[in-house]
Amino acid sequence: MERVDRCVVLVDAGYLLGAAASLLAGEPSRSRITVDHASLIQGLRELAEADTGRPLLRIYWFDGAPDRVPQPEHRRLRVMPRVTVRLGALTRSDGRWAQKGVDAAMHAELTELARNRACSDVVLVTGDGDLLPGLMSAKEHGVAVHLWAVQAADGDYNQSEDLVAEADERRVLDRAWITRAVRARDFAGGCAPQPATRPDIAAILSAPLPESAHASAAGQRAQAAQANGAAPPAPAADDDRAAPAPAAKGVPTPKDLASLRSHGQHPAPPHPPAGATLRWSSDRGWIERSGGALGEPPESASLPTLAQLTSAEQRWADREEDITTVGGDPFEVGQVFARRWMARLPESGHVQKLSTMYPRIPHRIDGELLRYAARFGLLAHKDDQIDEHDRYAIRAGFWREIDVRTAAEHPAAADQPGPEGIRSGRTP
């Protein structure tokens, strides 16, 4: 059987993206980076063809997934030309995620390609020494093996020494090449453009948690200011955007606030203003109403969910859009969800009604928004919970899109005090 003069690329995604995260963000967690998979695949193809002098047959993308269920990034990859996705299991051990079966799948593919003379050159993007037997077997079948490494953050090796020694050709993918398709998330800046500071939110962010025996001095000043009817001091920041308070235990939850009030640590004003809210999210049990009733208020219960507004045909089209065009950045995910919800509303008054509820999102819609965000792999490697920064960015993207719509429909409101002007950073 005559050997075909083509090249094949085998990518260990865990190695490639983990090493890229270490290089760009200082730690190997893939949640610390965002990836333009289309640009990454195109870069791999162009470099492989240039290095080997052979046309590309195929790129094999090996990765782990919970229960081997394809994640959104895998669904996007497997519809790209010349890309085949092979999934191993992603399991938890001692509180950490670990891939199972990926090395074995790469070894089997490598040896099968060499045995069947399907290519003349193989590019391996990996650092795992478990592939050494497969590499040696491919060489014995007359295949030239090119080993690519990602530049190590500390300047040292991040590949098996034996693997490096056995490869026919070697290359290092440096920072300049990596950053064409991969970038570090800017958590210090809140991950995404965020709403401007509001006094009601600042008061909540400065409230102590129920577990705290004593309020901080800053929290006491905020409570005193609120009790006197004055605007509480805004949390310190480098700009005027709202951001989660630097409290050790994070932003208080609705249950925390209810406990604070029941213990008299943070008494409610005698006459709360209409529409006043208690915190960013919209979990049950957080809104103050006459008689002390808790739960979903009637005005938000009348708002339809996206699922109620979506037909079977639209659901199929949404899935295709998610796979092919939505990148999965938390801020972008919130924007996409808001656009779909607004486009399918039977009447525009619903948007204006929701806008008056800022910064909260009604519980049913908020839960649906976070479930939608989970489809984009935002739960992976994070103890089955969406990261606090990502949740903030998802909701910020949602509100920004609502703001764009309300500003377009009511341009006069953009120059007036209120949720719309404040959210987008406009001043009265």
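I need the full set of residues from the range 79-94 which are modelled with pLDDT under 90, surrounded by fewer than 19 Cβ atoms within 10 Å (Cβ to Cβ) and more than 16 Å from residue 327 (Cβ to Cβ), in order please.
89, 91, 92, 93, 94 - these are the residues of the range 79-94 that are modelled with pLDDT under 90, surrounded by fewer than 19 Cβ atoms within 10 Å (Cβ to Cβ) and more than 16 Å from residue 327 (Cβ to Cβ).
Do you know which residues across the range 1-40 are in contact with a Cys (Cβ under 9 Å, 6 or more places away or on another chain), among the aliphatic types (A, V, I, L, M) and at pLDDT below 95?
Scanning the range 1-40 gives a single hit, 4.
Test residue 73 against the criterion of being under 25 Å from the mean Cα position of the chain (by Cα) and among the acidic types (Asp, Glu), and give yes or no.
Taking the combined requirement at face value, the residue satisfies it.
Can you tell me which residue among 352, 314 is surrounded by 16 or more Cβ atoms within 10 Å (Cβ to Cβ) and either in contact (Cβ under 8 Å) with a residue 60 or more places away in the chain or out of contact with any Leu (no Cβ under 9 Å at 6 or more places or on another chain) (or both)? Before the answer, list the steps.
On the way: 314 fails: surrounded by 16 or more Cβ atoms within 10 Å (Cβ to Cβ).
Sole residue among the options that is surrounded by 16 or more Cβ atoms within 10 Å (Cβ to Cβ) and either in contact (Cβ under 8 Å) with a residue 60 or more places away in the chain or out of contact with any Leu (no Cβ under 9 Å at 6 or more places or on another chain) (or both): 352.
Can we say residue 52 is surrounded by 21 or more Cβ atoms within 10 Å (Cβ to Cβ) and touching an Asp or Glu at 6+ places or on another chain (Cβ under 9 Å)?
Considered against the rule, which asks whether it is surrounded by 21 or more Cβ atoms within 10 Å (Cβ to Cβ) and touching an Asp or Glu at 6+ places or on another chain (Cβ under 9 Å), residue 52 comes out as yes.
Can you find, within the range 375-398, the residue that is modelled with the lowest pLDDT among those that are part of a helix (DSSP H, G or I) and of a type in the set (A, V, I, L, M, F, W, C)?
So the residue we want is 378.
Scan the range 129-139 for residues that are crowded, with 18+ Cβ neighbours inside 10 Å and either in contact with a Ser or Thr (Cβ under 8 Å, 6 or more places away or on another chain) or under 17 Å from residue 14 (Cβ atoms) (or both) and report the count.
3
Being assigned to a helix (DSSP H, G or I) and surrounded by fewer than 20 Cβ atoms within 10 Å (Cβ to Cβ) narrows it down to one of 14, 43, so name that one.
43
When you scan the range 114-129, how many residues do you find that are assigned to a loop (DSSP other than H, G, I, E, B) and more than 13 Å from residue 164 (Cβ to Cβ)?
The qualifying residues number 5.
Which of the residues that make up the range 151-181 are touching a strand residue (DSSP E or B) at 6+ places or on another chain (Cβ under 8 Å) and among the aliphatic types (A, V, I, L, M)?
Result: 163, 164, 167, 172, 173, 178, 181.
Please go through the range 104-130 and pick out each residue that is free of Cβ contacts under 8 Å to residues at least 40 places away in the same chain and either outside the structural domain of residue 161 (by TED's automatic domain parsing) or under 20 Å from residue 65 (Cβ atoms) (or both).
Listed by number, the residues that qualify are 104, 107, 108, 130.
The values are calculated or read from the model by the stated rules, or taken from the named source; none is laboratory data. Bear in mind the structure is a predicted one, so any value in this text is a computation, not a measurement. Neighbour counts run over all protein chains shown; Cβ positions are idealised from the backbone, glycine included.
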